[in-house]
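Here's the structure, in structure tokens; my notes come after.
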Amino acid sequence: AQSVTQPDIHITVSEGASLELRCNYSYGATPYLFWYVQSPGQGLQLLLKYFSGDTLVQGIKGFEAEFKRSQSSFNLRKPSVHWSDAAEYFCAVVLTETSGTYKYIFGTGTRLKVLA
Amino acid sequence: NAGVTQTPKFQVLKTGQSMTLQCAQDMNHEYMSWYRQDPGMGLRLIHYSVGAGITDQGEVPNGYNVSRSTTEDFPLRLLSAAPSQTSVYFCASSYSMTQPQHFGDGTRLSIL
């Protein structure tokens with residue numbers, strides 16, 4: 001079945017440390033890929049997206065993500081985490097179904113805690 | 001530019017009551033959608049619309065109705081509220097289904 005997996009429910013890092021959030025998808029072709037961030041009490045905000053081309057994409061707030069076709073992964077990274085990055089992060093994919101319609105699937109999210 | 005506006009922000013209902021969650025966007029987006037967010041389950045698609053007059057079911061449509069009479073508005077109706085519908089509801093819009101979505105701030109709904 002088509003799915004998106006974020007294996008880490010919670011991650012805690014110290015401020016200034018590097019961060020990598022994992023995202024894997026199950027789909028035969030290359031989907032459209034997104035990372036969103038959700039601060040408490042807010043809606044989701046787009047961090048970055050991948051449609052095609054360069055597999056390393058840059059986003060807002062210093063985030064980047066790398067698409068690896070061989071691993072069906074789209075991991076989110078940041079070299080140095082700030083306390084304001086504490087939030088919940090969602091990976092999402094858009095798949096093309098055999099009927100030609102699109103299907104938008106979100107992962108279950110990773111909650112990031114940042115230690116001062 | 002307000003983006004996606006959801007009202008109300010909070011609501012408490014009794015089992016069996018009906019209500020409508022409002023969603024409006026001012027970006028002239030064709031695609032609009034409703035999600036519910038529950039702990040540990042991410043966002044699940046309830047209903048979506050690819051344009052005025054066109055709606056379709058998502059992953060968890062039971063107990064909910066939608067309509068899209070204008071490009072701007074996409075209300076979600078709970079027909080007979082049940083405790084299982086206690087959740088945070090998000091409306092989103094985008095130019096198309098393959099484009100990034102713009103989210104409202106959500107409606108936190110409790111069914112007693």
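The values are calculated or read from the model by the stated rules, or taken from the named source; none is laboratory data. Just so it is clear, the structure is predicted and the values come from calculations on it, not from any experiment. Cβ: placed from backbone, ideal geometry, glycine included. Neighbour counts: every protein chain shown. Areas reflect the complete protein model, heavy atoms only, side chains present, ligands, DNA and RNA absent. Shrake-Rupley method; radii C 1.70, N 1.55, O 1.52, S 1.80 Å.
Residues checked against (1) within 18 Å of residue A:42 (Cβ to Cβ); (2) of a type in the set (A, V, I, L, M, F, W, C); (3) open to solvent by 20 Å² or more (accessible area, probe 1.4 Å):
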| site | (1), (2), (3) |
| --- | --- |
| B:6 | yes, no, no |
| B:50 | no, yes, yes |
| B:56 | no, no, yes |
| B:63 | no, no, yes |
| B:67 | no, no, yes |
| B:90 | yes, yes, no |
| B:105 | yes, no, yes |
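Looking at the stretch A:34-54, can you tell me whether even one residue there is more than 21 Å from residue A:103 (Cβ to Cβ) and more than 12 Å from chain B (Cβ to nearest Cβ)? Within the stretch A:34-54 (the criterion being more than 21 Å from residue A:103 (Cβ to Cβ) and more than 12 Å from chain B (Cβ to nearest Cβ)), the answer is yes, since at least one residue qualifies. Among the residues making up the stretch B:91-112, those that are assigned to a strand (DSSP E or B), within 11 Å of chain A (Cβ to nearest Cβ) and in contact with a Leu (Cβ under 7 Å, 6 or more places away or on another chain) are B:103, B:107.
One line per residue, one yes/no per condition, for (1) of a type in the set (D, E, K, R); (2) touching a strand residue (DSSP E or B) at 6+ places or on another chain (Cβ under 7 Å); (3) modelled with pLDDT of 95 or more:
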site: A:51; (1), (2), (3): no, yes, no
site: A:64; (1), (2), (3): yes, yes, yes
site: A:70; (1), (2), (3): no, no, no
site: A:74; (1), (2), (3): no, yes, yes
site: A:77; (1), (2), (3): yes, yes, yes
site: A:83; (1), (2), (3): no, yes, yes
site: A:95; (1), (2), (3): no, yes, no
site: A:98; (1), (2), (3): no, no, no
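The criterion of being open to solvent by 20 Å² or more (accessible area, probe 1.4 Å), at pLDDT 95 or above, closer than 26 Å to residue A:95 by Cα and more than 14 Å from every other protein chain (Cβ to nearest Cβ) does not hold for residue B:86.
Within the stretch B:73-85, the set of residues being within 13 Å of the chain's Cα centre (by Cα) and assigned to a loop (DSSP other than H, G, I, E, B) comprises B:74, B:75.
Looking only at the stretch A:16-33, filter to residues that are closer than 17 Å to residue A:79 by Cα and either touching a Lys or Arg at 6+ places or on another chain (Cβ under 6 Å) or open to solvent by 10 Å² or more (accessible area, probe 1.4 Å) (or both); which one of those is nearest to the other protein chains (Cβ to nearest Cβ)? Steps first, answer last, please.
The initial filter retains those residues of the stretch A:16-33 that are closer than 17 Å to residue A:79 by Cα, namely A:16-22.
Among the residues that remain, those that are also either touching a Lys or Arg at 6+ places or on another chain (Cβ under 6 Å) or open to solvent by 10 Å² or more (accessible area, probe 1.4 Å) (or both) are: A:16-20, A:22.
Working: A:16: 29, A:17: 26, A:18: 25, A:19: 20, A:20: 19, A:22: 15 Å.
Of everything passing the filter in the stretch A:16-33, A:22 is nearest to the other protein chains (Cβ to nearest Cβ).
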